[in-house]
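Worksheet: one structure, shown below.
No value in this document is a laboratory result; all are computed from the given coordinates. Being a predicted model, the structure only gives us computed values, none of them experimental. Note that each Cβ is placed from the backbone with ideal geometry, even for glycine, and that neighbours are counted across all protein chains shown.
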Amino acid sequence: MENKIGFYSIVASTATSILIVVLFYIFAIQKVGSSMQYSYTDVYAGMVYVFILSMIVSASIWPGVIEKRALS
């Protein structure tokens, strides 16, 4: 298990980021449909931005959580 902590951290971080991006897309696409203030390009750029930020945050959180579970 100790050899795979890095792999599990990457998988957990990626899965968390994808889930957050999907939620962002669901909420953002509702905003685009109701107003002409934002375009689909804004939504796609926002998805990339949210993915990068959530990867940074989740990559610092998940390794500690997984390591604690592995040691218990």
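Could you please find all residues in the range 38-55 being touching a Phe, Trp or Tyr at 6+ places or on another chain (Cβ under 8 Å) and hydrophobic (A, V, I, L, M, F, W, C)?
Correct list: Val43, Met47, Val50.
From the list Met36, Met47, Met55, pick out the single residue that is in a loop (DSSP other than H, G, I, E, B) and without any contact (Cβ under 8 Å) to a residue 60 or more places away in the chain.
Answer to the check: Met36.
Counting only residues that are among the aliphatic types (A, V, I, L, M), surrounded by 14 or more Cβ atoms within 10 Å (Cβ to Cβ) and either closer than 15 Å to Ser9 by Cα or touching a residue at least 12 places away in the same chain (Cβ under 8 Å) (or both), how many does the range 19-33 have?
3
Yes or no, residue by residue, for (1) aromatic (Phe, Trp, Tyr); (2) over 30 Å from Glu67 (Cβ atoms):
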site	(1), (2)
Asn3	no, no
Tyr8	yes, no
Ser13	no, no
Ile18	no, no
Ala28	no, yes
Ser34	no, yes
Tyr38	yes, yes
Thr41	no, yes
